[in-house]
Amino acid sequence: MSYDETDFQIFTLFTDPDNWSKEKLMELLCRDMPNEEHVNAYCHISSSALVIKPEDVRSTLGDLESLPREILHKTLEELSFASIEIFSRTCRAARLLVDKVMAYRELIRFIPKILTIFSDTRLMQYHSVADVRQELHFRYCRSCGDVGTYLFLPTCERVCLTCLNFNQAYWCLPQSQVSQAFALPDNVVETLPVQIISQSSYRSTEEWPELDTTQYQLVAVKSALQVAINWHGSQAKVQEEGNLISPDKFADSSATECEEGALFRYLREAKLGPLAHNPSLDPPPTRTLVHHEFHGLASIWIPFMPHRGTIPEKLYFCGGCQNIVKRFDPNISDRVLGQMDIDPGMPFQEIRRRLLGKAWKARTWDEMVEHIRSECSGGRGMMFEEKMAAFGAVAG
Ligand SMILES: [Zn+2]
Ligand SMILES: [Zn+2]
C-alpha cells in the first residue's frame, strides 16, 4: 500500500462522523447555536417599561364578561401588542384574562423578550400575538424557503440569516433617507413603521466597548418599497422617479453621494415576493456597493415550535464552514471548493458569498451529519486536526 493511500485511509477514518461521539462532534463543529443568550446578545434592553400594577383598579371585565372566553381569547390574539398591553392595564381581571390566552403564554415562554423588544423598538402597535405566533410555528424563511431562524421585526416575518444579509428587502434605512431613496413625500414616509435602535441594542458592550450610542430611526426597505409602489403605481415607476432625484453616478457628485446613489438604486430593485432561491447563490451586486450599516439588524433569533411539539426544534450552524470563511484566502484549493459544489472558476467575491451561505444555513443534527459527510471540507479538516492532535498527544 502506498503512503498516499494510507494517508487517505487515515483521513477517511478520522473524518467519519460514525467514529465520533455526538457530544464531541457537536462541541467541535456546532457554532453560534441559536439560543436564549443569542436573543440577549442582540437585544440588551431594559424591561422597565412593562411592569403592570393592576391591583388598585376595578377587577371585573364589565360587559365583556358576557362573551364566551374563546371569543375573548381569539379577539385578544388579533389585537396589536400595544392594544393588548393597554387592555391588560385596565384592571386585574383584564390582566388575568390576557395571561390565560394560550397563544400569548406561548410567546412569552418561547420568546421571553418579545414584549420588551417590541416596546423598545416602538413596533408594538404594528403586530399582533397571532402574527408572531404564526411565525413561531412556521419553519421556513419567508424570503427563500430555507430554514429560517430570525424574526425580522418591522414586517414580523421569519427569515434566514442569509436573507437578512443578502436580500436587500430585509435591510433598513434611516427614516431621513427614505424620501430620497424611494421618491416619497415626507408625509407618506411618516406613515411607515419606524424602529428605534442603537448599536448597543444589538451588540454586547462587553465585546464592543467603543459602541456608537446614536439612536437610529430605521425603516425597513420592504415596507418603504411597498408603500412607494402603491404611491407611484409600479416598481418601474419608483425606479424611474428615484433615479431622477438620487445622486447620479455620472454627475459631478462626491464619492459619498455616488455610493449613496448606488445603494438607493440597489434598494429600489429589491424583490417584495419570495426569491427563487437562497440569495447566497446569486452573484453579488456589481455596483460600487461596498458596505451598508443597517443590514442584518432589526431582527431577533426565534425558535421554531412544531405544531404538536412541546419543545423547540434544535438547529445548528456549521463551525466547519464558518472556519473556512474565517480563514478564507483567495487561493483556496479547487478540490476543497469542488467538494462543496462551488465552481472554483467563479470570482473571489462570489465564492465567498456561497461559503457564507453554507456557514449561515441552519441545520438539524441529522442534516449536520449529512453535510459533514457529503460536502463540508472545513468540518472534516477540523475533525482531522483534532484527531491528529489527540494522536500526537498520546504518541508524544
Ligand atoms: Zn432566506
Ligand atoms: Zn460545514
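Kindly establish whether C172 is crowded, with 21+ Cβ neighbours inside 10 Å and within 16 Å of ligand 1 (Cβ to nearest atom).
Working: crowded, with 21+ Cβ neighbours inside 10 Å: yes; within 16 Å of ligand 1 (Cβ to nearest atom): no.
No: the conditions fail for C172.
If T90 meets every condition in (1) modelled with pLDDT under 90; (2) in a loop (DSSP other than H, G, I, E, B); (3) within 16 Å of ligand 1 (Cβ to nearest atom) apart from one, which number is that one?
Unmet condition: (3).
Any idea which of (1) modelled with pLDDT of 85 or more; (2) out of contact with any strand residue (DSSP E or B) (no Cβ under 7 Å at 6 or more places or on another chain); (3) over 28 Å from M382 (Cβ atoms) is the one L61 doesn't satisfy?
(1)
If the Cβ limit is 8 Å and pairs must be 6+ apart or interchain, which residue in region 196-225 that is closer than 15 Å to L173 by Cβ pairs with which residue that is at pLDDT below 90 and of a type in the set (F, W, Y)?
Qualifying pairs under 8 Å: I196/Y216; I197/Y216; Y216/F294; L218/F294.
Do we find that S333 is of a type in the set (S, T, N, Q), assigned by TED's automatic domain parsing to the domain that holds C156 and either at pLDDT 80 or above or closer than 28 Å to S377 by Cβ (or both) in this structure? I'd like the intermediate steps shown before the answer.
Values: of a type in the set (S, T, N, Q): yes; assigned by TED's automatic domain parsing to the domain that holds C156: no; either at pLDDT 80 or above or closer than 28 Å to S377 by Cβ (or both): yes.
No.
May I ask you to list pairs of residues, at least six apart or on different chains, whose Cβ atoms are under 9 Å apart, with the first in region 123-141 being within 16 Å of ligand 2 (Cβ to nearest atom) and the second being of a type in the set (D, E, K, R)?
As it stands, the answer is none, since no pair meets every condition given.
Within 16 Å of ligand 1 (Cβ to nearest atom), under 28 Å from G309 (Cβ atoms), modelled with pLDDT under 95 and touching a Phe, Trp or Tyr at 6+ places or on another chain (Cβ under 6 Å): is that true of L151 in this structure? Give the steps one after another, and end with the answer.
Numbers: within 16 Å of ligand 1 (Cβ to nearest atom): yes; under 28 Å from G309 (Cβ atoms): yes; modelled with pLDDT under 95: yes; touching a Phe, Trp or Tyr at 6+ places or on another chain (Cβ under 6 Å): no.
No: the conditions fail for L151.
Scan region 256-280 residue by residue and report those that are in a loop (DSSP other than H, G, I, E, B) and under 12 Å from V221 (Cα atoms).
E269, A270, K271, L272
Need at least 3 residues that are within 20 Å of the chain's Cα centre (by Cα) and touching a residue at least 60 places away in the same chain (Cβ under 8 Å) per element, so show me which helices (runs of 4 or more DSSP H) inside region 317-396 make the cut, counting only ones lying wholly within it.
348-359
Of all residues in region 348-369, which are out of contact with any helix residue (DSSP H, G or I) (no Cβ under 9 Å at 6 or more places or on another chain) and more than 16 Å from ligand 1 (Cβ to nearest atom)?
Those that are out of contact with any helix residue (DSSP H, G or I) (no Cβ under 9 Å at 6 or more places or on another chain) and more than 16 Å from ligand 1 (Cβ to nearest atom): F348, Q349, E350, T364, D366.
The values are calculated or read from the model by the stated rules, or taken from the named source; none is laboratory data. Note that the structure is predicted; figures quoted are calculated from it, not measured. Cβ sites come from the backbone with ideal geometry, for glycine too, and all protein chains shown count toward neighbours.
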